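A.B. asks: My questions all concern the structure below.
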Amino acid sequence: MATGNQLEAMIASVQTLKRLRDSGVGNADILNRLKSVMDKIQEHNRLEGHTDSVTSVSVSPKDPLIVSGSKDKTVRLWKIDGTPVKTPAPMKHDAAVYSVNFSPDGQYIVSADDKKVKLWKKDGTLLDSITENKNIYFVNFSPDNQIIYTMEDGTIKLCKYNSSIIIKKPYIAIPGNGRDKVWSAEFSHNNSGENIVTASDDGNIRIFTKNGINIATLSGHIAAVSYASFGLNNDTIISSSYDNTVRMWQRENDGKTWLNIKNIAANNPYKVKFSPDYKTIAATNIDGNIQTWKDNQLTQQYFIGKHKDKITDLSFSNDSKWIVTASRDQTLKIWSLDSQSENRTQTNTASLLKKGCNWLSDYLNNNDQARKKYFDVRHNICENAKK
């Protein structure tokens with residue numbers, strides 16, 4: 001499990017179960033060990049198709065869709081079962097794509113490369129774009145039909161959009177952090193997204209109004225802050241930093257003061273996010289591990305799996321039951337957050353074989369590489385297991 005090959009472990013288990021079935025051997029000790037391995041597997045699918053590092057991922061809040069961006073200069077759409085979505089034309093940029101996000105209503109996608117922001121329909125139709133003369137690091141939507149993006153000179157820009165274009169001007173330019181890079185900008189969770197929290201290269205977290213007024217600066221990290229976002233009721237903020245910590249901040253009763261209430265050691269975390277139900281927190285690590293907490297106070301830590309290289313981004317499903325991670329290893333992985341150990345599958349060859357094949361179904365049927373590589377597993381093992 002520590003190698004980042006959970007699906008391969010499930011396939012190996014299925015192959016072993018097939019041999020046991022064919023031989024008529026039902027060794028209880030072997031079956032229990034196989035069940036123990038299978039119960040620990042949380043990688044449910046793997047999306048392969050990008051030809052360079054996958055830098056960003058976003059799950060639609062409304063539809064069974066995933067969008068990803070990559071250094072291969074493309075944006076790709078996927079169904080939740082891993083099937084690539086055919087778009088009217090390839091979703092391309094002129095440079096590496098560093099940020100993608102779905103709009104809150106799920107109807108639009110925004111993406112950014114070094115100097116360009118693009119607005120797309122959810123089916124991949126390009127609507128409009130903005131070109132800047134400085135690098136862009138992050139792009140997202142507000143709850144009230146605005147696009148926000150951050151730039152290398154510390155500027156944060158807001159512009160409106162409608163069903164066909166980005167309204168380029170007038171826009172609000174917030175001189176957020178002098179000349180320091182801004183790595184992320186997230187809105188508060190209410191209908192208008194009245195506040196913005198930013199993560200800066202200078203180690204500070206800043207909170208602005210949408211009009212650009214700085215209402216709080218949170219200091220404590222001793223290296224660049226890579227990500228920050230609001231928690232439940234906007235009274236907490238979670239942040240990740242290259243100082244090897246994930247930190248939680250809480251707003252005091254005066255509504256203005258924020259205190260650093262918890263610091264957790266992490267290996268160079270790049271992104272940290274709350275699940276939509278605010279019951280889970282997940283962080284990406286440079287070593288490829290997904291660091292996860294089963295509560296919103298960073299107390300019940302566990303690991304669900306890893307990639308073979310740095311994880312660059314993560315996104316929760318709208319029901320908070322699964323998570324998608326993007327990695328420098330050129331893949332996206334879909335992880336179940338439900339524990340399989342609670343599954344009451346009987347410990348016999350037939351039931352375990354059926355369980356393994358059901359788990360692998362999306363991967364074996366919708367991933368081109370897996371469909372070819374594991375043809376025998378799909379046709380000669382799992383097809384028979386369904387009978």
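The values are calculated or read from the model by the stated rules, or taken from the named source; none is laboratory data. What you see is a predicted model; the values in this text were computed from it and never measured. For neighbour counting, all protein chains shown are included, and Cβ atoms are generated from backbone atoms with ideal geometry for every residue, glycine included. Protein only, heavy atoms only, side chains kept; ligands, DNA and RNA dropped before computing areas. Shrake-Rupley method; radii C 1.70, N 1.55, O 1.52, S 1.80 Å.
A.B. asks: Report the residue count in segment 171-182 for those that are crowded, with 21+ Cβ neighbours inside 10 Å and at pLDDT 75 or above.
C.D. replies: Going through segment 171-182 one residue at a time, the tally reaches 2.
A.B. asks: Within segment 290-313, can you find the residues that are under 16 Å from residue 231 (Cβ atoms) and within 13 Å of the chain's Cα centre (by Cα)?
C.D. replies: 292
A.B. asks: Which residue out of 147, 156, 130 is in contact with a Cys (Cβ under 6 Å, 6 or more places away or on another chain) and more than 23 Å from residue 49 (Cβ to Cβ)? Please lay out each step first, then the result.
C.D. replies: Details: 156 fails: in contact with a Cys (Cβ under 6 Å, 6 or more places away or on another chain); 130 fails: in contact with a Cys (Cβ under 6 Å, 6 or more places away or on another chain).
Checking each option against the conditions leaves just 147.
A.B. asks: Whether any residue in segment 113-122 is surrounded by fewer than 19 Cβ atoms within 10 Å (Cβ to Cβ), at pLDDT 95 or above and farther than 25 Å from residue 214 by Cα is what I want to check.
C.D. replies: Just the residues of segment 113-122 that are surrounded by fewer than 19 Cβ atoms within 10 Å (Cβ to Cβ), to begin with: 114-116, 121.
Keeping just the survivors that are at pLDDT 95 or above gives 116, 121.
Next, from what is left, pick out any that are farther than 25 Å from residue 214 by Cα: 116, 121.
Within segment 113-122, one or more residues are surrounded by fewer than 19 Cβ atoms within 10 Å (Cβ to Cβ), at pLDDT 95 or above and farther than 25 Å from residue 214 by Cα.
A.B. asks: Is there any pair with a first residue in segment 199-215 that is farther than 10 Å from residue 228 by Cα and open to solvent by less than 30 Å² (accessible area, probe 1.4 Å) and a second that is of a type in the set (A, V, I, L, M) and not in a strand (DSSP E or B) whose Cβ atoms are under 8 Å apart and which are 6 or more apart or on different chains, and what are they?
C.D. replies: Between residues of segment 199-215 that are farther than 10 Å from residue 228 by Cα and open to solvent by less than 30 Å² (accessible area, probe 1.4 Å) and residues that are of a type in the set (A, V, I, L, M) and not in a strand (DSSP E or B), the close pairs are 203/222; 203/223; 203/224.
A.B. asks: Another question about this same structure. Among 222, 148, 238, which is touching a Leu at 6+ places or on another chain (Cβ under 7 Å) and either open to solvent by 60 Å² or more (accessible area, probe 1.4 Å) or within 27 Å of residue 279 (Cα to Cα) (or both)?
C.D. replies: From the options 222, 148, 238, the qualifying one is 148.
A.B. asks: Another question about this same structure. Those residues that are farther than 24 Å from residue 226 by Cα and either more than 18 Å from the chain's Cα centre (by Cα) or among the basic types (Lys, Arg) (or both), I need them from segment 107-118; list them, please.
C.D. replies: Restricting attention to segment 107-118, the residues satisfying the condition of being farther than 24 Å from residue 226 by Cα are 107-108.
If the condition is that a residue be farther than 24 Å from residue 226 by Cα and either more than 18 Å from the chain's Cα centre (by Cα) or among the basic types (Lys, Arg) (or both), then 107 is the only one that fits.
A.B. asks: Quick one: which strands (runs of 3 or more DSSP E) lie wholly within segment 280-364 and hold at least 1 residues that are open to solvent by 10 Å² or more (accessible area, probe 1.4 Å)? Please lay out each step first, then the result.
C.D. replies: Values: elements: 281-284, 289-293, 301-306, 311-316, 322-327, 331-336.
Output list reads 289-293, 301-306, 311-316, 322-327, 331-336.
A.B. asks: Conditions: (1) of a type in the set (A, V, I, L, M); (2) open to solvent by 20 Å² or more (accessible area, probe 1.4 Å); (3) within 30 Å of residue 33 (Cβ to Cβ). Residue 264 meets all but one. Number of the miss?
C.D. replies: (3)
A.B. asks: Which residue pairs have Cβ atoms under 9 Å apart, sit 6 or more places apart or on different chains, and have a first residue in segment 125-143 that is within 26 Å of residue 226 (Cβ to Cβ) and a second that is open to solvent by 30 Å² or more (accessible area, probe 1.4 Å) and hydrophobic (A, V, I, L, M, F, W, C)?
C.D. replies: Taking only residues 6 or more apart or on different chains, the pairs are 137/183; 138/183.
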